[in-house]
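Structure record follows, encoded as structure tokens.
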Amino acid sequence: MEREDIVRIEGRVAEIGTGLKIARLVPSRMRRTIGAWCFLDHAGPVDFVVGQGMDVGPHPHIGLQTFTWMIEGSVRHLDSLGSDQMIYPNQVNLMTAGKGISHAEISPTDKPSRLHAAQLWIALPDQYRYIEPHFQNYPTLPVVHQDLFDATILVGTSFGITSPVSVYTPLVAVDVLAKKTGTFELPLDSSFEHGIMVLEGKVLINGESLETGSLLYFSKGHIHVTISCDASTRILMIGGEPFKEELILWWNFVARTQEEVEQARRDWEAKSARFGALDEAVAGKRLIAPSLEGIHLRGAHS
Ligand code: MN
């Protein structure tokens, strides 16, 4: 396929926490953002033995919302607002960092466990990026039942159904789980750009094959894609209005200028009240920010 409005993005393998391998699909050299979605990690599926698991100690965020879609397993979220929330399959955790928050994510390690999740960041637009931080768990999301598949509406509106998940720019995210082998159309919003990735199995999208670890990007103007797959295949579609503001992503911060990033880094290292605090006996050891020495951050948008 050589249509320039459709781009194949190969994910990079990275490691987060202790030994948890993930495929990072956004940002990529090809696309920095898809709508306001500025980060997309596909974690697992992976099996942990007793004592192992996701273990990301206290760390700060600014200027974004962290969005977790749990497919298998469970993770405990702790944050500096006092939230202590287990997230289970088919649930969303949404943490709005705004001007500053810190959190930790820990797997239960008392029994063997499996983890499969999509973890995303949503850039906050300028007028909302200094808001007070808040956290919400969404225990149930609306599901559209069709003959060939179930579609869970994670963010925005699809199939005429709107998700309760609260975001600050026009966005969409839909999880599609095939129930039978077949071919169906997935509607897209022509004013949005979109990305489609495979969470499990493999698919043909408009005749183009796609497996886990890669993403197909569609620019504005598409009203649907045609998907062929087997039963039990699961895909994630994300999209949004192209994000016009130039972003600087560094470590766990989404900002606009180097000065903001430097200030956030200093505030974290100084244990400023800006990011609150977590009990390290429960949440683990707080992460140390990487050095910014000699680094010149440049803004980028897609
Ligand atoms: Mn985080």
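The values are calculated or read from the model by the stated rules, or taken from the named source; none is laboratory data. No experiment lies behind these values; they were computed from the predicted model shown. Here Cβ is always computed from backbone atoms with ideal geometry, including for glycine, and neighbour counts include all displayed protein chains. In case anyone asks, the SASA skips ligands and DNA or RNA and just uses the protein heavy atoms, side chains included. Shrake-Rupley method; radii C 1.70, N 1.55, O 1.52, S 1.80 Å.
Quick one: net charge around residue 249, please, counting Lys, Arg +1 and Asp, Glu -1 for every other residue with C-beta under 14 Å from its C-beta.
Summing Lys/Arg as +1 and Asp/Glu as -1 gives +4.
Rounded to whole Hz and in sequence order, give me ³J(HN,Hα) for region 32-42 from the Karplus expression 6.51 cos²θ - 1.76 cosθ + 1.60, θ = phi - 60°, writing x for Gly and Pro.
Rounded to whole hertz, the list is 7, 9, 10, x, 8, 5, 10, 7, 8, 10, 9.
Using a 1.4 angstrom probe, figure out how much accessible area the chain has per residue, in square angstrom, rounded to the nearest whole.
Heavy-atom SASA per residue in the chain reads 44 Å².
Measuring from label point to label point, each 7 Å out along Cα→Cβ, what is the residue 30 to residue 85 span in nm?
3.3
Probe radius 1.4 Å, ligands and nucleic acids ignored: give me the carbon and sulfur share of the accessible area of region 6-240 as a rounded percent.
50
Of all the C-alpha pairs in region 87-191, what % are more than 21 Å from each other?
48
Regarding region 6-240, what whole-number volume in Å³ per residue does the convex hull of its Cα atoms give?
So the per-residue Cα hull volume is 115 Å³.
My understanding is that a pair violates if its Cα-Cα distance is over 22 Å; which of 111/271; 180/202; 21/180; 111/179; 21/111; 99/271 do that in this structure?
In this structure, 111/271; 21/180; 111/179 exceed 22 Å between Cα atoms.
Can you grab the distance from the C-alpha centre of region 185-251 to the C-alpha centre of region 118-158, Å, no decimals?
The distance from the Cα centre of region 185-251 to that of region 118-158 comes to 16 Å.
Tell me the angle of helix 258-269 to the major Cα principal axis of the chain, expressed in degrees between 0 and 90 and rounded to the nearest ten.
The helix 258-269 is inclined about 60 degrees to the chain.
Which loop trypsin sites (Lys or Arg not before Pro) in region 120-188, with loop taken from DSSP, have no more than 16 other Cβ atoms within 10 angstrom of their Cβ?
179, 180
Would you mind putting 131-137, 97-103, 215-221 in packing order, based on average other-beta-carbon counts within 10 Å, highest first?
Top of the packing list down: 97-103, 215-221, 131-137.
Mind putting a number on the dipole of the chain about its Cα centre? Charges go on the C-beta only, +1 for Lys and Arg and -1 for Asp and Glu, and I need it in Debye to the nearest 20.
Magnitude of the dipole: close to 240 debye.
When the chain is fully extended, how far beyond the present Cα-Cα distance does residue 241 get from residue 5, taking 0.36 nm per residue of separation?
That works out to 83.4 nm of additional length.
List the lysines whose Cα sits under 18 Å from the Cα of residue 220, skipping any in the same chain fewer than 8 residues away.
By straight Cα distance, residue 220 reaches 244.
Could you work out how far apart the two model spin labels at residue 159 and residue 251 are, taking each label as a point 7 Å from the Cα in the direction of the beta carbon, and quote it in nm?
4.2
Mind ordering 113-124, 193-204 by average Cβ neighbours within 10 Å, highest first?
Answer by packing, highest mean first, reads 113-124, 193-204.
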